[in-house]
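Down below is the structure, laid out as structure tokens.
All of the numbers you see were taken from the coordinates with simple rules; none came from a lab. Because the structure is a prediction, the values reported are computed rather than measured. A quick note on method: Cβ atoms are made from the backbone with ideal geometry, for glycine too, and the neighbour counts reach across all protein chains shown.
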Amino acid sequence: MIRHLKPLAILVALVGVASACGSSGSATTTSAANSSAGTAPALAPIHGTYSPKIDPKNFVAGVDNRWFPLKPGTTFHYKGVQEDGKTPQTDDALVTRRHKTIQGVKCTVVQDSVFSRGKLIERTFDWYAQDKYGNVWYMGELAREVKHGRLVRASDSWESGVAGAKAGIIMPGNPKPGDQYRQEYYPKHALDQARVLGQGGPVTVPSGSYKRTLETVETAPKLDPGVAEHKWYVAGLGDIEEHTVSGNREHIKLVSVTRGR
């Protein structure tokens, strides 16, 4: 049955509709703002003054991001070539059971050892922590290079909150094509940033063949203009391949994974 509204009723109805539309639009805008609040681009922007907020209350225990899981006792074994595209290198990344507290945040320590022709050339301790949105933060690194038979601290070592260095995000909790975010911030030493390219398609490396991958590209325009490194990740596993496509010819692939107890 069709109801015929009186003029006053029509006016009230129209006002109600307008109010409802305004309320809905506001809610939608607020919802959109809230949905972007915990994203990597919002928390670690590549443009403007960089001042990430590191609040220990916003972090969780352990790192279980599906694209960058860090289970203690796991070792990732990689093999490839150095920047010249010829010199062989192997890379063992061990997720240790140790932790380091940085700016009040308990971080997972990953020991990364690089060898060439059987000899250690670099050892780095990387510090990671995951926030409640699933983003994995890169809190710093202690890098040492072998010089004259000794491990010497590298100049690009840094720790968030020390000497102007600030943490960045190594992997978003919900990576989307086009997302751009800062990975590390240490003026004149470490200024990497990344962009999510999207699905990387099928990738085959010594550790196996993977039908679905996530591809990102990392750059440091202010320090290494022209250098771009592509990385491929597999859900539940992590980084399976890294290939510098411009600037140099470094290339490594995942050979195997050792699961510790």
Every residue in segment 100-123 that is touching a residue at least 24 places away in the same chain (Cβ under 8 Å), within 17 Å of residue 152 (Cβ to Cβ) and of a type in the set (Ser, Thr, Tyr), please.
116
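Going by the structure shown, is residue 250 among the charged types (D, E, K, R), crowded, with 20+ Cβ neighbours inside 10 Å and under 29 Å from residue 115 (Cβ atoms)?
On the way: among the charged types (D, E, K, R): yes; crowded, with 20+ Cβ neighbours inside 10 Å: no; under 29 Å from residue 115 (Cβ atoms): yes.
Criteria not met by residue 250.
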Can you name the residue in segment 106-148 that is outside any strand (DSSP E or B) and over 18 Å from the mean Cα position of the chain (by Cα) and, of all such residues, is surrounded by the fewest Cβ atoms within 10 Å (Cβ to Cβ)?
148
Within segment 54-64, does at least one residue satisfy the condition of being more than 22 Å from residue 206 (Cβ to Cβ), surrounded by fewer than 17 Cβ atoms within 10 Å (Cβ to Cβ) and hydrophobic (A, V, I, L, M, F, W, C)?
yes
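Which of the residues that make up segment 138-183 are among the aliphatic types (A, V, I, L, M) and in contact with a helix residue (DSSP H, G or I) (Cβ under 6 Å, 6 or more places away or on another chain)?
Going residue by residue through segment 138-183, those that are among the aliphatic types (A, V, I, L, M) are 139, 142-143, 146, 151-152, 154, 162-163, 165, 167, 169-171.
Within segment 138-183, just 169 meets the criteria.
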Please state which one of 201, 164 is outside any strand (DSSP E or B), closer than 30 Å to residue 104 by Cα and free of Cβ contacts under 8 Å to residues at least 40 places away in the same chain.
164
Considering only segment 149-161, I want to know if a residue exists there that is assigned to a strand (DSSP E or B), at positive phi and buried (at least 17 other Cβ atoms within 10 Å of the Cβ).
no
In segment 62-86, which residue that is among the small types (Gly, Ala, Ser) and more than 17 Å from the chain's Cα centre (by Cα) is nearest to residue 248 (Cα to Cα)?
85
